[in-house]
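The values are calculated or read from the model by the stated rules, or taken from the named source; none is laboratory data. Bear in mind the structure is a predicted one, so any value in this text is a computation, not a measurement. Here Cβ is always computed from backbone atoms with ideal geometry, including for glycine, and neighbour counts include all displayed protein chains. Side chains included, ligands, DNA and RNA excluded: accessible areas come from the protein's heavy atoms. Shrake-Rupley method; radii C 1.70, N 1.55, O 1.52, S 1.80 Å.
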Amino acid sequence: MEKKAFLLTLLVIGISLNAIAQEKLSLERKRYKSVYLEFLGASNLIGISYDSRLSPTSHWGYRIGISYYQGGNSYSSPNRGVFFPIEFNHLIGKNKHKLEIGLGSNLGIYNQSISYIYASFTEDIDNQSAVIQSTSQTTFGYYLFSNIGYRYLSNKGFLFRIGLNPSFNFKDKHGITKEPSVYPYISFGYSF
């Protein structure tokens, strides 16, 4: 009877250890996913993005999001629009502290305002006038960006990102030039 109890106890311990090992292995192979709010950087002013690894063991990943753009030469003729940042990125490092590098594009629709000043002058000083006219057009725009920064990534919970985001375009009619061309970024989010 003692032999049977001993063998039964060993069997229960073996099954329990196997279940614990399987659970730990499944946690280690979990694909990191996150949602975060980003200020500046590729999101321009503010944006929200979803980020995921390509596979459970991959350091390569992608991000897709939606952001609000505002820019232009002055406050009197601003450009405003909604953009969609798409990025492929790579995380370097172990544990929760990572170096992130990435390359992406921000595609969107924006409203471009253009102001014109017409002036008419005559010899009579009292009849001089200036007329300001504004036109607005909605158009497609893009810019490309790269990304280098620090990412704190917990298995489940808080996510923090900070870094630099250089931007550029091909100088064509749809390319948006951001001034300055390097923006800092900061993000807060949740990983799951």
Can you confirm whether region 121-131 contains a residue that is among the acidic types (Asp, Glu) and at pLDDT 85 or above?
-> no
Inter-residue pairs, beta-carbon under 7 Å, first within 30 Å of Lys33 (Cα to Cα) and modelled with pLDDT of 85 or more and in region 168-189, second open to solvent by less than 70 Å² (accessible area, probe 1.4 Å) and in a loop (DSSP other than H, G, I, E, B), 6+ apart = Phe168/Ser181; Asn169/Ile176
